[in-house]
Amino acid sequence: MKKKLILFITFAVLLTSCNYNNAKDQALDNEINTSQPLQQEFTVKANEKIGNIFAEGGKSKKFGVEIVDNYFPGSMTKGEDGSCYYFRRVTEGERERYTFYKNNNQKVCETEMPSKLRKKAGINSFAQYQGYFFVEIYGELHGEAKHYLSAINIKDGTWEKIIEGPGPAHKIFIYDNKFICTYVEEVKVYDLKGNMKEYKIEKDLVKKNAWVSVQCIADGKIYYFYTVEEDEKMSDEKNDKYTGKVKCCDLNGENNKTICYYQSNDEASWYDNLRLDDQYIYLIAGYTLFRIPLYGGKIEKVSNRGIYFYDISDTYIFFLDESNTKLYKIRKDLSGQIILVRESGPCNLDTPFLCVGNHIMLEECDEKQEDLIGEVEDNELPLYIEYVNDYSWLTEEGVLEDTVKGIHLSDKRYKKIRDKLKSLTK
């Protein structure tokens, strides 16, 4: 899918030389060379480079982690330590036990749901940060939907205070052992004692016809997209323009700084999945993956392929091609060829795979069961279905070393639900 996206960089940029052709699909990637500036994605000034975004180079950064809602509770998420974590829930009478694992079936921690929430709520999503699993819990009390936040000590499975949360947030991050709940204009910060502070990221967004999307947290800074839709009087209905910035600010919403500008002729030409490592800001813009150097240099386009998800190991950038869902990799220095890792890609989920050291944890699909669950939701059937896909533990070369079993519907329950759905269509 080709998207027309123009990204106006406040710094002057030019693409560096890269030779990263795939033997099978060379036409997709061999058009980039040292003399060709990016014509569609970037507007550049000749031979000038980006200045330093950070004052000092070479230091390891302190990153926050996102509590990712992967649709199915217990789905995998990458922790602050770089490992892949997931949990399995077992109900035995009145007891409700959660067992957390990492990577290929390594048991980490076991705990029980506190008695005040037992049978009333369940862990929806979580993240590992330092010595805790930070959890987001949804439930019902006296017929009213409830949202809770808490943290589980990894050493002994004990719980910190259960906090009544603010309700659904756009994204939730963990940083300095605090929940940072992000919304359209503001963030709400909760410590483990339940104290809350609220800060504005941007002001007067409605008046400006603008919106904010927080993407990540690093070194005490919130990184976000700031987008403005141009006034209808300024553009025709068929060619609305969306302009904005990649920005950062302190955790309290102060010291806002613009990193770069962008412009899109189509709201669907989305930009997403911005993240940092110690050297670059990575972001997807209209299915194209770019990286911006933090300490001066030239902006780089990772591939001409359409990319809808990526993750980064110590050695490689792994990504999924949006046209065929195949899994590819390229060296982080962008040298050499783009290499096909796996023909059949994973599920098209928020987190279809994760890089873990020199391995990949990839989420497999069971389309038959997932289609059924989708129909249950579409028909608003009051059924609770606990389901988690299988995971494949792969080497960076794509060799299967282990399989982590998920939670699937039995044949009997599958048939019962399918019959129920058929009865609704009669």
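Values in this text are rule-based calculations from the coordinates and carry no lab data. Keep in mind it's a predicted model, so treat the numbers as computed, not measured. Counting neighbours? That spans all protein chains shown, and the Cβs are built from the backbone with ideal geometry, glycine included.
Some observations on this one:
- Among residues other than Glu160 with Cβ under 15 Å from its Cβ, the summed charge is -1 (Lys and Arg +1, Asp and Glu -1).
- Label point 7 Å beyond Cα of Glu386 along Cβ direction - residues of the stretch 77-109 with amide nitrogen under 11 Å: 88-93, 95-99
- Selection of GluC sites (Glu not before Pro), the stretch 378-418, meeting DSSP coil and at most 13 other Cβ within 10 Å: Glu380, Glu397
- Among 319-329, 161-171, sorting by the average number of other beta carbon atoms lying within 10 angstrom of each residue, highest first, gives 319-329, 161-171.
- Computed from phi, the 3J(HN,Hα) profile of the stretch 179-184 under the Karplus parametrisation 6.51, -1.76, 1.60 (θ = phi - 60°) reads 7, 10, 8, 9, 10, 5 Hz, with x in place of Gly and Pro.
- When the Cα positions of Leu192, Thr77, Thr182 are compared along the charge dipole of the stretch 62-195, Thr77 comes out farthest toward the positive end, with charges on each C-beta of Lys, Arg, Asp and Glu.
- Net charge over other residues, Cβ less than 15 angstrom from the Cβ of Gly93 (K, R count +1; D, E count -1): +1
- Listed residue pairs exceeding 30 Å between alpha carbons, taken from Lys155/Lys329; Lys61/Lys120; Lys146/Lys422; Lys171/Lys257; Lys245/Lys298: Lys155/Lys329; Lys61/Lys120; Lys146/Lys422
- When the GluC sites (Glu not before Pro) in the stretch 82-113 are filtered for DSSP coil states and for at most 10 other beta-carbon atoms within 10 Å of their beta-carbon, the remaining sites are Glu94.
- The stretch 62-195: relative contact order in percent, alpha carbon pairs under 8 Å with at least 6 residues between: 20 percent
- Extreme residue, positive dipole direction of the stretch 329-426, given options His359, Thr395, Ile407 (C-beta unit charges): Ile407
- Mean Cβ count within 10 Å, highest first, over the residues of peptides 284-297, 302-315, 358-371: 284-297, 302-315, 358-371
- Theoretical FRET efficiency, 1/(1+(r/R0)^6), r = Cβ-Cβ of Ser410 and Glu186, R0 56 Å, to 0.05: 0.80
- Among the trypsin sites (Lys or Arg not before Pro) in the stretch 98-155, those located in a DSSP loop and surrounded by at most 16 other Cβ atoms within 10 Å of their own Cβ are Lys116, Arg118, Lys119, Lys120, Lys155.
- Cβ-based net charge around Arg118, under 11 Å, with every Lys or Arg adding one and every Asp or Glu removing one: +2
- The stretch 80-127 versus the stretch 355-388: alpha-carbon centroid distance in Å: 18 Å
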